[in-house]
Amino acid sequence: MANERAWFVYNGAVGNEQTSTNYLYVSFFPACVTGGEFICSVKGIYDFATYGQHPAPFSLDTRLGQYIIDALGADIAKPSEEGQKAYVYVRQTA
């Protein structure tokens, strides 16, 4: 399988952002923002046959796992360097 990516919205409690099964597949870009203290969505590895409606575990997608940590620490979408596409978006309220 190629590393096809799709959007997944966060559907877990605060503090469980590193658990991939707390994210659910959506077929569109969610209404997220680039600033806020809570995870809104991630662009994770999509393999429905293996993981169903969840992204591949972040142990297999370590960059994404680090982007989640970075987004929570900085309260902005990550990566946020010029010329890079964000893979983790945040929101203002829980």
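The values are calculated or read from the model by the stated rules, or taken from the named source; none is laboratory data. In this text, all values refer to a predicted model and were calculated from it rather than measured experimentally. Glycine gets a Cβ as well: all are built from the backbone with ideal geometry, and neighbour counts include every protein chain shown.
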For Glu17, indicate whether it is modelled with pLDDT under 95 and either of a type outside the set (Lys, Arg) or touching a Leu at 6+ places or on another chain (Cβ under 8 Å) (or both).
no
Any residue in the stretch 47-70 that is within 18 Å of Gly15 (Cα to Cα) sitting within a Cβ distance under 7 Å of a residue that is polar (S, T, N, Q) and in a loop (DSSP other than H, G, I, E, B)? List the pairs, counting only those 6 or more apart or interchain.
Phe58/Gln18; Gly65/Gln18; Ile68/Gln18
Residue list for the stretch 1-27, filter: within 12 Å of the chain's Cα centre (by Cα), among the aliphatic types (A, V, I, L, M) and more than 15 Å from Val90 (Cβ to Cβ):
Ala6, Leu24, Val26
Filtering the stretch 57-85 down to residues that are in contact with a Lys or Arg (Cβ under 6 Å, 6 or more places away or on another chain) and among the small types (Gly, Ala, Ser) yields Ala71
Residue satisfying all of: in the stretch 46-70; hydrophobic (A, V, I, L, M, F, W, C) and under 10 Å from the mean Cα position of the chain (by Cα); farthest from Pro30 (Cα to Cα) among these
Phe58
